[in-house]
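Data block below; observations after.
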There are 2 protein chains.
Amino acid sequence: MYTYTKERKAYRIWCVNLNQRDIAKLAGVSSATVSRVINNDPSVSAETNKKVSEVIKKYGYVQNAVARNLRLANTKTIGYLVPDISNPFFPAVLGGIERICNSRGYDIIFENTDEDEEIERKAISSLLRFRVDGLIAVFVRCNQADLQRIKMMGIPVVLLDRKIEYTEDYDYVGIDNIGGLYSIVEYLYKLGHRKISIIYGSQDITPGYERLNGYKAAMKKFGIAINEGYLINGDFTEEGAYKGVVQLFSNDELPTAIITCNNLMTMGAYKAIIDMGIKIPDQVSLIGFDDFDFATHLVPPITVVSRATSEMGKLAAEFIIDRIDGNTSDEPRRVFLPTKLIARGSCSLGKL
Amino acid sequence: MYTYTKERKAYRIWCVNLNQRDIAKLAGVSSATVSRVINNDPSVSAETNKKVSEVIKKYGYVQNAVARNLRLANTKTIGYLVPDISNPFFPAVLGGIERICNSRGYDIIFENTDEDEEIERKAISSLLRFRVDGLIAVFVRCNQADLQRIKMMGIPVVLLDRKIEYTEDYDYVGIDNIGGLYSIVEYLYKLGHRKISIIYGSQDITPGYERLNGYKAAMKKFGIAINEGYLINGDFTEEGAYKGVVQLFSNDELPTAIITCNNLMTMGAYKAIIDMGIKIPDQVSLIGFDDFDFATHLVPPITVVSRATSEMGKLAAEFIIDRIDGNTSDEPRRVFLPTKLIARGSCSLGKL
DNA sequence: CGTTCCTTTGTATACGTATACATTAATTGA
DNA sequence: TCAATTAATGTATACGTATACAAAGGAACG
């Protein structure tokens with residue numbers, strides 16, 4: 001594999017790629033001058049600049065970012081680590097991240113962990129080896145060892161959506177889950193609902209935990225006793241919610257309203273309700289956390305609490321780039337974006 | 001910015017990161033030995049291996065992939081270039097790509113072009129500078145200059161979904177659009193429909209072009225004259241399809257069936273039909289290209305032609321990695337996955 | 001005309017890695 | 001017993017870049 005050539009020594013040839021030395025030779029200048037031209041160094045004379053630029057263009061020279069990154073000790077990349085690409089929330093956030101990164105000259109290295117701790121560790125290792133300049137992460141369960149290592153390497157982290165231990169030490173972009181659930185319960189309460197069920201998600205992650213707790217707190221605030229039978233674990237999945245709703249309706253005491261804690265579960269609950277032949281909103285009201293594309297097209301359109309996903313991505317990207325540039329005080333920046341209740345047609349007056 | 005220290009010279013310090021030389025010193029061996037341990041070179045003795053491994057672990061050494069990539073002239077990355085991350089098709093494909101890449105040790109650099117040629121050119125440049133080992137691309141309009149440059153650099157390309165000029169020179173993963181439309185028209189024909197309208201997408205890209213042409217070819221095959229008034233440009237968007245359907249129904253001669261050419265347009269058409277108070281499938285039949293989550297739970301459930309999105313990603317990733325490894329003949333591999341008609345409830349017998 | 005300063009370009013080098021080649025110690029074989 | 005072979009490790013170097021420092025030439029100024 002190690003082959004010497006007369007002019008250039010190569011392990012595996014980068015095909016026909018020219019480097020700055022080649023361009024220098026072709027243009028009759030030194031490689032330093034070529035580098036200066038490429039980096040718009042003002043000390044280069046107009047004449048030289050033109051000469052070199054023409055050679056670069058003529059021969060289609062493409063800068064080698066690998067070497068550049070090694071020399072500069074940065075990579076102009078940020079890592080985006082998500083637990084589940086099939087959840088539309090994450091591509092939506094990616095859209096926002098991408099927009100900011102693109103305008104600031106950063107590229108994105110994408111990692112999906114499939115909610116698996118082992119894969120997550122590998123993904124983090126990979127990102128560290130790559131020397132990403134920053135990391136936007138939705139951790140499954142990032143252990144302290146990994147976190148410590150990231151910190152030691154001086155790589156800034158912005159936590160997204162899910163909180164983890166010591167979240168307060170890091171920049172964070174999330175939403176006001178408690179407030180979101182409060183607005184849902186308030187909305188249902190004012191419509192007259194008292195028998196309010198919630199299909200909640202995994203309690204291991206903060207969105208799951210906070211939303212259920214937000215529900216409980218709001219119920220308490222409005223003086224409604226919590227019926228344990230109305231609390232159903234839907235595991236943040238469509239199937240989980242489907243089964244949960246079927247189970248819910250096998251009980252004697254039926255709820256008049258159902259809250260679902262993410263868009264996948266809203267779909268699952270909707271399907272279950274329709275499949276059981278129950279009418280929304282006449283027989284039961286449905287309200288979901290997270291808006292989704294088809295919510296407006298279902299019959300009836302589904303009332304939801306929405307959050308600004310793309311905005312979350314933009315903020316996270318801005319936070320991380322500010323941190324990379326050192327444009328921030330040491331104090332972690334923590335943002336909790338407000339949610340917004342969008343009333344459509346899936347909630348009706350509850351019987352008092 | 002250029003600061004010399006006694007032991008190490010650094011431009012900008014990689015924080016506290018140790019390198020192989022540091023580990024070598026700590027373990028009392030040479031840096032070559034450290035490198036050998038890291039790369040599992042069998043020539044290292046068990047004793048040395050253990051000694052070095054312990055130091056690596058103790059000090060949390062993280063390999064620098066930037067330097068490694070420079071030395072090895074590869075990066076173990078592939079670029080994924082898409083025109084519109086907000087279209088659920090692309091994250092769905094990404095899921096498949098990610099799975100294969102993950103198992104084969106490749107990371108993904110993601111680029112979104114927003115259907116903009118200028119952004120696309122920049123994204124391609126960025127990927128080339130990064131020396132991605134391969135590229136999976138859905139080009140907006142990749143010009144020959146860029147394509148030529150990619151080829152010159154020896155970077156293999158797998159085209160996805162959209163074809164471009166000289167597609168036949170590249171590996172390609174797509175679907176059988178012509179066959180998909182044929183099966184739709186055949187299905188409607190056998191139900192007795194003759195007045196068949198199509199809401200088609202952008203003719204600048206092959207999925208738009210081929211689907212419309214597939215419709216025309218199938219219509220001809222079944223001996224149905226094409227009514228120009230039934231051909232509506234819906235621009236592959238929900239709004240476009242909505243307006244298109246409204247326009248369609250402002251004509252005198254109404255169709256008995258409508259074909260939509262992607263899932264967004266299916267939703268738009270559905271909504272328009274519902275909003276106009278027209279009954280599906282009694283007054284008009286609706287059949288869409290591309291399945292989508294809620295197709296089964298609309299009223300009525302929508303009949304569609306589906307394609308295996310995740311499978312497309314897996315195939316593309318396998319193709320590109322095979323190409324990188326040189327495990328393929330020079331002959332381009334071109335796959336057209338079949339589509340599958342899923343009959344639900346949105347098409348009824350047409351009046352003959 | 002000599003000194004100083006500025007502009008422009010060149011020379012040399014380090015970033016961290018992997019490995020060819022050199023070297024040493026250990027083992028084998030006749 | 002000593003040369004030949006093998007095993008294990010060390011030394012030196014190139015990958016392509018950016019830039020500190022050196023150098024050279026010219027302009028400005030007294």
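The values are calculated or read from the model by the stated rules, or taken from the named source; none is laboratory data. What you are looking at is a predicted structure, and each value in this text was computed from that prediction instead of being measured. Here the Cβ positions follow ideal geometry from the backbone for every residue, glycine too, while neighbour counts run over all protein chains shown. These accessible areas exclude ligands, DNA and RNA; they are computed on the full protein's heavy atoms, side chains included. Shrake-Rupley method; radii C 1.70, N 1.55, O 1.52, S 1.80 Å.
Summary of values
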quantity: Interface area, B with A, accessible, probe 1.4 Å, both sides summed, Å² nearest 100; calculated: 5600
quantity: Value of D in µm² per second that Stokes-Einstein yields for the range B:100-140, Kirkwood Rh from Cα pairs, at 4 °C (1.567 mPa s); calculated: 117
quantity: Highest-MSF residue in chain B out of B:Thr256, B:Thr48, B:Thr328 [GNM, Cα springs under 10 Å]; calculated: B:Thr48
quantity: Pairs from A:Lys190/A:Lys314; B:Lys195/B:Lys220; A:Lys76/A:Lys151; A:Lys51/A:Lys76 whose Cα-Cα separation, in the structure shown, is over 23 Å; calculated: A:Lys190/A:Lys314; A:Lys51/A:Lys76
quantity: Loop-located chymotrypsin sites (Phe, Trp or Tyr not before Pro) in the range A:118-187 whose Cβ has at most 13 other Cβ within 10 Å (DSSP); calculated: A:Tyr166
quantity: Simple Cβ-charge dipole of the protein assembly as shown, Lys/Arg +1 and Asp/Glu -1, about Cα centre, in debye nearest 20; calculated: 2100
quantity: Electrostatic dipole magnitude of chain B [Cβ: Lys, Arg +1; Asp, Glu -1; Cα centre; debye, to 20]; calculated: 1440
quantity: Choice from A:Asp235, A:Asp22, A:Asp84 showing the highest fluctuation, given a GNM over chain A with Cα pairs closer than 10 Å; calculated: A:Asp22
quantity: Given charges at Cβ of Lys, Arg, Asp, Glu: the range A:65-155 dipole, positive-most of A:Val132, A:Leu72, A:Pro91; calculated: A:Leu72
quantity: For B:88-95, mean number of other protein chain Cβ atoms within 10 Å; calculated: 4
quantity: Modelled label reach - B:Lys351, point 7 Å along Cα→Cβ, the range B:176-206 residues with backbone N closer than 16 Å; calculated: B:192-196
quantity: 10 Å Cβ shell holding at most 14 others, DSSP loop, GluC sites (Glu not before Pro): longest site-free stretch of chain B; calculated: B:8-164
quantity: Calculated on alpha-carbon atoms, Rg and Dmax of the range B:53-192 in Å; calculated: 19.3, 77
quantity: The range B:20-77 and the range B:212-289: distance between their alpha carbon centers, rounded to Å; calculated: 63
quantity: Gyration tensor (alpha-carbon) shape descriptor, the range B:177-307, a/c threshold 1.5; calculated: rounded
quantity: Cα gyration tensor category, rounded, prolate or oblate, for the protein assembly as shown with a/c compared to 1.5; calculated: oblate
quantity: FRET efficiency estimate (nearest 0.05) - Cβ-Cβ, B:Asn39 to B:Leu254, R0 41 angstrom; calculated: 0.05
quantity: Those residues of the range A:318-339 whose amide nitrogen sits under 19 Å from the label point placed on A:Asn213, 7 Å along Cα→Cβ; calculated: A:334-339
quantity: Total formal charge among the other residues, if their Cβ is under 10 angstrom from that of A:Met265, Lys/Arg +1 and Asp/Glu -1; calculated: -4
quantity: Accessible surface, the protein assembly as shown, averaged per residue in Å² (probe 1.4 Å); calculated: 45
quantity: Fraction of antiparallel bridges per DSSP, the protein assembly as shown only, in percent to nearest 5; calculated: 15
quantity: Among B:Met265, A:Pro156, A:Ile342 the positive-end extreme of the charge dipole of the protein assembly as shown (Cβ point charges); calculated: A:Pro156
quantity: Gyration tensor (Cα) of chain A, equivalent ellipsoid semi-axes in angstrom; calculated: 54, 19, 19
quantity: Nitroxide proxy distance, nm - points 7 Å out along Cα→Cβ at A:Asp146 and A:Arg21; calculated: 4.1
